[in-house]
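**Student:** Pasting a structure below so you can have a look.
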Amino acid sequence: MRSRVIRFSALSSMSIALAASAAAQGPANQPPPPTTVSSSAGNIRIERVATLEFPWGMAVLPDGRVLITEKPGRLRIWASGQLSAPVQGVPSVLYRGDSDQGGLLDVEADPNFATNRLIYISTSKRIRQALRFQRPVSSASAPTPT
């Protein structure tokens, strides 16, 4: 149980630091993010550890490395206090800016990652053809795709 608490604590700290880093990229007329915040567990010190463009999802690997997605389509690895260059081979995504719902979204390591090395990502992409739904003439049942 203790390792889960420590892992969660490390991930929470990383989340706060990355969020502060992303917020620091905002318009120049905004004040800088705080360096300390209060919580029910006590004060939390915020330290910028990396600069990312719209960080979205994070997953902790069994060896302690952290996978981080950026909505514009980059997957990065945080390890040993350093942020990697974007990982190659990530599918292209549909992303039109900070207010868009699309992009490279969540990431999760397979429960058997240590042996199979699989990760799962959710993305948005443009499709060329939309589905049409047509209601059957003889029934009021659910629409069927055509």
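The values are calculated or read from the model by the stated rules, or taken from the named source; none is laboratory data. Only a predicted model underlies this, so the values are computations on that prediction, with no experimental measurement involved. Virtual Cβ from ideal backbone geometry, glycine too; neighbours counted across all protein chains shown.
**Student:** Could you give every pair whose Cβ atoms fall below 7 Å, whose first residue belongs to the range 28-57 and is within 18 Å of Ala79 (Cα to Cα), and whose second residue is of a type in the set (Lys, Arg), counting only separations of at least 6 or pairs across chains?
**Tutor:** So the pair list comes out as Trp56/Lys71.
**Student:** Take the residues in the range 31-59 that are of a type in the set (Val, Ile, Thr) and touching a Ser or Thr at 6+ places or on another chain (Cβ under 8 Å), then tell me which one is modelled with the lowest pLDDT.
**Tutor:** First, the residues of the range 31-59 that are of a type in the set (Val, Ile, Thr): 35-37, 44, 46, 49, 51.
Retained after the next criterion (residues that are touching a Ser or Thr at 6+ places or on another chain (Cβ under 8 Å)): 44, 46, 49, 51.
Numbers: Ile44: 92, Ile46: 89, Val49: 83, Thr51: 89.
The selected residue is Val49.
**Student:** Let me ask something else about it. From the residues in the range 110-146 that are within 17 Å of Pro91 (Cα to Cα) and surrounded by 10 or more Cβ atoms within 10 Å (Cβ to Cβ), which one is modelled with the lowest pLDDT? Explain how you work it out, then say what you get.
**Tutor:** Looking only at the range 110-146, we keep the residues that are within 17 Å of Pro91 (Cα to Cα), and these are 118-128.
Imposing the further condition that a residue be surrounded by 10 or more Cβ atoms within 10 Å (Cβ to Cβ) reduces the set to 118-125.
Values: Leu118: 95, Ile119: 94, Tyr120: 94, Ile121: 94, Ser122: 93, Thr123: 91, Ser124: 87, Lys125: 80.
Only one residue tops the list, namely Lys125.
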